[in-house]
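Take a look at the structure below.
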């Protein structure tokens, strides 16, 4: 075992003792979910926050996630290299962005412990930096061919095709490439349209506007609560709007610590996102969330959370706090909700209109959360009702190992739900059972 692996196990033992101590202090609360969650009082964890992640194990031969009644799941493709995001082209070709977080500078012992733990959980490593093309020519729900579509990218994540231009969200900016319908690959040089700071939360999701004139891009913060100062956070923790014709971009919504998945709600035509909130305040404090994003809206980070609840660890800006918008729907503490797509009623049997969310899973809580794909029903353009599991079973019952971790979710033209699993290295396909 490597030195990093030994250190990670030592950290796990120390962390386990800390977890037991916190449980004895009564710091265990009901999950914070829904439109009016009970968010527990903050319990700052100090210099040694809760650190708990399962060891990445992967799936045994024939093993699958647990699927909701009335549905079935199969592996659409396997053997990938940390698949994170999915884009389905008009002809049915499926593109997979393969990338992962890379190690940054270590500033203290906790940073080293965090990196060692993340490596054990397969959440940190060498990024493949490519996009893979999958094809299911015979329509049996399994891709027969897998080939490199693009390579040499910089932590690619979001993708979008508009007319004859293919857009890629690299960590340092959105790049536009010429695209020919049905192409097996793109090798032509691209044109960089935006510049974003690297490091920290690295995913850059992309969503075209319904009329194709704009792109919306999620850009996460560098840090947890701007502990390095707000100057290094400038231009981050936001959803951007890029006007394609003019090439100009602007911040559309701000104060969003790490907005990843983006989707349109068709009744109101509102933009929605899922956001990963801050760490170090307790198991359920604050919850990650699903929210509509208002043009010019501010959602609290780093000064406050779930509306105007002030984070005392952060130097304050009372004027901004006064404008903070309360998110629409809580998704539980530290669930790492990343993937997002709209699911029209009837696409999967028994499911009404709503949003599908890929929850990557927690590290900063005593009992792990997330590690599943959930559905949030919508009525009249708003979340309405409790969540429902679509896929679960990504985590062992004793929480020691993970078989997979869901990330991106999207629909195919024939109504199948695809889920990227970046620990299992699988793309799962969910359809009706009969």
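Since every read-out is calculated from the coordinates, none of them should be taken as a lab result. Quick caveat: nothing in here was measured; it's all calculated off a predicted structure. Using ideal geometry, Cβ is built from the backbone for each residue, glycine included, and neighbour counts are taken over all protein chains shown.
Before moving on, here are some points about what is shown:
- Helix-only arithmetic for the chain: the sum of -39500 (n - 2.57) across DSSP H runs with n ≥ 4, divided by the residue total, places the mean residue ellipticity at 222 nm at -3000 deg cm²/dmol.
- Relative contact order of region 18-173: 18 percent, from C-alpha pairs under 8 Å at least 6 residues apart in sequence.
- Rounded to 0.05, the FRET efficiency of the residue 108 and residue 72 pair, given R0 = 45 Å and the Cβ-Cβ distance, is 0.40.
- Segment residue 227-residue 145, extension gain: residue separation times 0.36 nm, minus the distance between their alpha carbons: 24.9 nm
- The chain, relative contact order [Cα under 8 Å, separation at least 6], %: 18 percent
- Reported label for calculated log10 I(q)/I(0) by the Debye sum over Cα atoms at q = 0.08 Å⁻¹ given [x] -0.55; [y] -0.65; [z] -0.40: [z]
- Using a Förster distance of 41 Å, the FRET efficiency for residue 312-residue 126 (Cβ separation, nearest 0.05): 0.60
- Highest mean packing first, where packing is the average number of other Cβ atoms within 10 Å per residue, the peptides 278-288, 86-96 line up as 278-288, 86-96.
- Relative packing of peptides 234-247, 196-209, 176-189, 132-145 - highest average C-beta neighbours within 10 Å first: 196-209, 234-247, 132-145, 176-189
- Relative contact order [Cα under 8 Å, 6+ residues apart], region 245-404, whole percent: 18 percent
- Between region 213-274 and region 76-137, the alpha-carbon centres lie 21 Å apart.
- The peptide list 213-224, 302-313, 56-67, put in order of mean Cβ contacts within 10 Å with the highest first, becomes 213-224, 302-313, 56-67.
- FRET efficiency, 1/(1 + (r/R0)^6) with R0 35 Å, evaluated for residue 234 and residue 345 via beta carbons: 0.25
- Between residue 246 and residue 36, the simple label model (points 7 Å from Cα in the Cβ direction) yields a spacing of 4.2 nm.
- Using a simple spin-label model with pseudo-atoms 7 Å out from Cα toward Cβ, residue 414 and residue 191 lie 3.7 nm apart.
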